[in-house]
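Undergrad: First the structure, which I've put down as structure tokens, then a few questions once you've had a look.
The values are calculated or read from the model by the stated rules, or taken from the named source; none is laboratory data. These numbers come from a predicted model, not from an experiment. All Cβ positions, glycine included, derive from the backbone under ideal geometry; neighbour counts span all protein chains shown.
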Amino acid sequence: MILNEVLSGQPDGLAEVFALVDGFDEALVHGLGRPDETHLQSLADLSAVFAGSPLAAPVADAIGKIEAGSVTDEHLLALAGARAALLGAAHDALLSHLDQALGRSRAEFADSAATSVVPQAVRSWLRELAITGWRGVDHEIAATGSRAVPGLLENPDHRRLAVLVDGFAAELRAGAPVATLERVPARRWADLWTRTMLLPGPGAPAATVDGRLLVLGADLHEHPTAFGVRVHGLLETGDEVRLVRTTVTAAKVDTITGPSVWRMLTGFPVLLGALAGQQSLELAGMPLTAAGDLLWNESLAEAGEAADPFVTARVRLGGAAAPVVAPLDRHPALITEPVLLEGYKATAEGLDLGGTVVAVDPLPAAGPLTPALVKASTACIGLLRHDAGRWSVRPLAVQATVRKKPVSVHTGDWALGPTEARAAKAEATAGAAVEVLRERAGRLLRK
């Protein structure tokens, strides 16, 4: 199996899986408290798929209770598990084909005894959402979720859940009353509902590793109130090379945008310096989860030698071992596989890999990559993603020819500030607001 075949086709049965998920999601739009014949048939189809599996009895019982109008939290948990299992199967099929095409090995996830730790207050809210349906969500129902957040934040084990509930409730508030929306984001809200229902407690402690981290690139995520950088790289530990990633984030206000957002991460000088200077990093005792996430600690890393990401990708990426995928991350939309693409032709539709065109994701405003650079490129380090039924690539770095000169441009080049004169001038003006806000916040904290 070659990469072109994987990116141009899809595994057998994938369309049928998505159709089953869409049927369940439409039932959630309408509300499980008053399903009509169409929605009951969609639920029956869902139940039929799990015949002979451990989920068969719980799912069938849940659907029976929905018909009788007496659904409980346990029944909704079974349905959420069934939906997650379907999307997990779709994820596994897509990722398996991609791993085969890339020659990438991947370990299996070990059985885990982790169980859901969602408090009753949140479960009650999730049950109300499911019974009412998205079309029935008003400001009061949306606000119920927000009221649970302060209590969740008091418990360190519930911080992850608190962030999830807070974001979910905020989206519902922004759309309320949902009955007036022309289009309901059914798949996204069902994803958030499912993830919240099933979110487990803290897993096994992360192991610690020593080794050299070779950076491939930085994936930038900017939201009105947060900025995050996920760094993808290769970790060398002895003779082993494996794909890893690490994420650093910071809160911000919506007026801080563009290159200025990097100023929110000044607490990570070692990591940002490695991004801007294209350096390797020497790690000593850095925590690493089974899913390949380095829990970043600046005191456990120091800058190493220069390391060109394109050289790293060409020499080391092909034989690197991929991490396991955690159960709740088994979702097609969460696939982000680092790849090196070469020999393509950049077109208005995307990157033509020899008959297969892969769309290019929107580029972040906080980095130096532009559509013109991507169009002029001859090589790209990027993340292959699968969403809305198609593959796309999110560029992390490109090699291109500009004014007859070869250049390499990376999303992390501006980690310590823009290197392009016009962008630097604009950032200096906008960045002053960051320093003013930081100073005012410091004064408030001192009081």
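Undergrad: Of the residues Leu373, Leu384, Leu369, which is part of a loop (DSSP other than H, G, I, E, B) and not hydroxyl-bearing (Ser, Thr, Tyr)?
TA: Leu369
Undergrad: Still on this structure, I have one more. Can you name every residue in the range 358-392 that is touching a helix residue (DSSP H, G or I) at 6+ places or on another chain (Cβ under 9 Å) and among the hydrophobic types (A, V, I, L, M, F, W, C)?
TA: Within the range 358-392, Val358, Val360, Leu363, Ala365, Ala366, Leu369, Ala379, Cys380, Ile381, Leu384, Ala388, Trp391 qualify.
Undergrad: Can you list residue pairs whose Cβ atoms sit under 7 Å apart, with the first residue in the range 367-387 being surrounded by fewer than 23 Cβ atoms within 10 Å (Cβ to Cβ) and the second being part of a loop (DSSP other than H, G, I, E, B) and modelled with pLDDT under 95? Count only pairs 6 or more apart in sequence or on different chains.
TA: Note: pairs meeting the criteria are Pro368/Glu420.
Undergrad: To continue, here is another question. Hey, can you tell me all the residues within the range 199-220 that are under 20 Å from Thr312 (Cα atoms), aliphatic (A, V, I, L, M) and touching a Pro at 6+ places or on another chain (Cβ under 7 Å)?
TA: Val215, Leu216, listed by residue number.
Undergrad: Let me ask you something else. How do the pairs read when you match residues in the range 116-127 that are over 15 Å from Leu32 (Cβ atoms) and in the same structural domain as Glu140 (by TED's automatic domain parsing) with residues anywhere that are of a type outside the set (A, V, I, L, M) and surrounded by 15 or more Cβ atoms within 10 Å (Cβ to Cβ), using Cβ under 6 Å and keeping only pairs 6 or more apart or on different chains?
TA: Ser116/Pro200
Undergrad: Regarding Gly151, is this residue in contact with a helix residue (DSSP H, G or I) (Cβ under 6 Å, 6 or more places away or on another chain) and not assigned by TED's automatic domain parsing to the domain that holds Leu281?
TA: No: the conditions fail for Gly151.
Undergrad: Right, here's the next one. Quick one: Ala206 ticks every box in (1) buried (at least 16 other Cβ atoms within 10 Å of the Cβ); (2) among the hydrophobic types (A, V, I, L, M, F, W, C); (3) touching a Ser or Thr at 6+ places or on another chain (Cβ under 6 Å); (4) touching a residue at least 40 places away in the same chain (Cβ under 8 Å) except a single one, so which number is it?
TA: Here Ala206 meets the rest and fails (1).
Undergrad: Could you grab the pairs with beta carbons closer than 7 Å, sequence gap of 6+ or different chains, first residue in the range 21-33 and on the phi < 0 side of the Ramachandran plot, second one modelled with pLDDT of 95 or more and hydroxyl-bearing (Ser, Thr, Tyr)?
TA: Note: pairs meeting the criteria are Gly23/Ser42; Phe24/Ser42; Glu26/Ser42; Ala27/Ser42; Gly33/Thr132.
Undergrad: What about Ala186, is it surrounded by fewer than 19 Cβ atoms within 10 Å (Cβ to Cβ), outside the structural domain of Leu300 (by TED's automatic domain parsing) and among the small types (Gly, Ala, Ser)?
TA: Considered against the rule, which asks whether it is surrounded by fewer than 19 Cβ atoms within 10 Å (Cβ to Cβ), outside the structural domain of Leu300 (by TED's automatic domain parsing) and among the small types (Gly, Ala, Ser), Ala186 comes out as yes.
Undergrad: Go through (1) modelled with pLDDT under 95; (2) surrounded by fewer than 18 Cβ atoms within 10 Å (Cβ to Cβ) one by one and return the number of the condition Gln10 breaks.
TA: With respect to (1) modelled with pLDDT under 95; (2) surrounded by fewer than 18 Cβ atoms within 10 Å (Cβ to Cβ), Gln10 is out only on (2).
Undergrad: OK, next. Quick one: would you say Ala307 is surrounded by 19 or more Cβ atoms within 10 Å (Cβ to Cβ), among the hydrophobic types (A, V, I, L, M, F, W, C), more than 21 Å from Ala101 (Cβ to Cβ) and assigned by TED's automatic domain parsing to the domain that holds Leu213?
TA: Against the criterion (surrounded by 19 or more Cβ atoms within 10 Å (Cβ to Cβ), among the hydrophobic types (A, V, I, L, M, F, W, C), more than 21 Å from Ala101 (Cβ to Cβ) and assigned by TED's automatic domain parsing to the domain that holds Leu213), Ala307 qualifies.
Undergrad: Moving on. Restricting attention to the range 237-271, and to residues there that are assigned to a loop (DSSP other than H, G, I, E, B) and not charged (D, E, K, R), which single residue is surrounded by the fewest Cβ atoms within 10 Å (Cβ to Cβ)?
TA: Gly238
Undergrad: Still on this structure: Any residue in the range 172-196 that is farther than 19 Å from Arg160 by Cα sitting within a Cβ distance under 9 Å of a residue that is charged (D, E, K, R) and in a loop (DSSP other than H, G, I, E, B)? List the pairs, counting only those 6 or more apart or interchain.
TA: Ala176/Asp138; Pro177/Asp138; Val178/Asp138; Ala179/Asp138
Undergrad: List the pairs whose first member sits in the range 218-233 and is of a type in the set (S, T, N, Q), whose second member is surrounded by fewer than 16 Cβ atoms within 10 Å (Cβ to Cβ), and whose Cβ atoms are under 8 Å apart, counting only residues at least 6 apart or on separate chains?
TA: These pairs meet every condition: Thr225/Ala251; Thr225/Val253; Thr225/Asp254.
Undergrad: Considering only the range 48-61, I want to know if a residue exists there that is surrounded by fewer than 20 Cβ atoms within 10 Å (Cβ to Cβ) and under 14 Å from Ala19 (Cα atoms).
TA: Scanning the range 48-61, I find at least one residue that is surrounded by fewer than 20 Cβ atoms within 10 Å (Cβ to Cβ) and under 14 Å from Ala19 (Cα atoms), so the answer is yes.
Undergrad: Okay, next question. Given (1) in a strand (DSSP E or B); (2) modelled with pLDDT under 95; (3) surrounded by fewer than 21 Cβ atoms within 10 Å (Cβ to Cβ), where does Phe227 come up short, assuming only one miss?
TA: Result: Phe227 passes all but (3).
Undergrad: Can you say whether Val409 is within 16 Å of Leu7 (Cα to Cα) and at pLDDT 95 or above, as far as the supplied structure shows?
TA: no
Undergrad: Tell me, which residue of the range 403-421 that is farther than 16 Å from Asp219 by Cα and among the aliphatic types (A, V, I, L, M) is surrounded by the most Cβ atoms within 10 Å (Cβ to Cβ)?
TA: Val407
Undergrad: Looking at Ala218, Ala179, which one is outside any loop (DSSP other than H, G, I, E, B) and over 19 Å from the mean Cα position of the chain (by Cα)?
TA: Ala179
Undergrad: I've got another one for you. Looking for something touching a residue at least 60 places away in the same chain (Cβ under 8 Å) and assigned by TED's automatic domain parsing to the domain that holds Phe18 - is there at least one such residue anywhere in the range 249-262?
TA: no
Undergrad: Moving on. Could you check Gly211 against (1) in contact with a Leu (Cβ under 8 Å, 6 or more places away or on another chain); (2) without any contact (Cβ under 8 Å) to a residue 60 or more places away in the chain and say which number it fails?
TA: Just one mismatch for Gly211, condition (2).
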